[in-house]
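Participant: Below is a structure I'd like to ask you about.
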Amino acid sequence: FNSYMRRARKLLVERNYPSVTIHGLGAAIQTAIKLAAAVKASLGDQVIMDTNTHTVTLYDDIVPQDESADITTQTRQNSAIQIKMSLPSVVRSQIFAKTPR
């Protein structure tokens, strides 16, 4: 978790990425939300977050124990989240004005 937080901060602050998107699927949605909140808090709550939720279709191949039977495919739905994080242009310009080149 901490390494993901450091990576997101580094991309936004040090590498001047315009945005970082955190994805979460199923049980990982809660972790994705916590990660985005931690990144935002670590940057003084100056992060713009755009959150989208959606449903993803997953395909599972079912391999039977009987080798003579065919493999079947089962579909199921799972929730997903995307959290796009970016720094406002004012904050970005302040950060990079202080950074020696």
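The values are calculated or read from the model by the stated rules, or taken from the named source; none is laboratory data. As the structure is a prediction and not an experimental result, all values here were calculated from the model. Glycine also receives a Cβ, built like all others from the backbone with ideal geometry; neighbour counts cover every protein chain displayed. Note: areas computed on protein heavy atoms with side chains; ligands, DNA, RNA excluded. Shrake-Rupley method; radii C 1.70, N 1.55, O 1.52, S 1.80 Å.
Participant: So, in segment 15-51, of the ones that are without any contact (Cβ under 8 Å) to a residue 24 or more places away in the chain and open to solvent by 80 Å² or more (accessible area, probe 1.4 Å), which residue ends up farthest from SER79 (Cα to Cα)?
Facilitator: Only one residue tops the list, namely ARG15.
Participant: Any residue in segment 52-78 that is touching a residue at least 40 places away in the same chain (Cβ under 8 Å) sitting within a Cβ distance under 9 Å of a residue that is part of a strand (DSSP E or B)? List the pairs, counting only those 6 or more apart or interchain.
Facilitator: ASN78/LEU25; ASN78/THR55; ASN78/VAL56; ASN78/THR57; ASN78/LEU58
Participant: Among the candidates VAL39, VAL91, which residue alone is at pLDDT below 90, β-branched (Val, Ile, Thr) and part of a helix (DSSP H, G or I)?
Facilitator: None of the other options fit; the residue is VAL91.
Participant: Across segment 79-88, what is the number of residues that are open to solvent by less than 40 Å² (accessible area, probe 1.4 Å), in contact (Cβ under 8 Å) with a residue 60 or more places away in the chain and assigned to a strand (DSSP E or B)?
Facilitator: Looking only at that region, the number is 3.
Participant: Run down ARG6, ARG76 and say which single residue is part of a strand (DSSP E or B), at pLDDT 90 or above and over 13 Å from the mean Cα position of the chain (by Cα).
Facilitator: From the options ARG6, ARG76, the qualifying one is ARG76.
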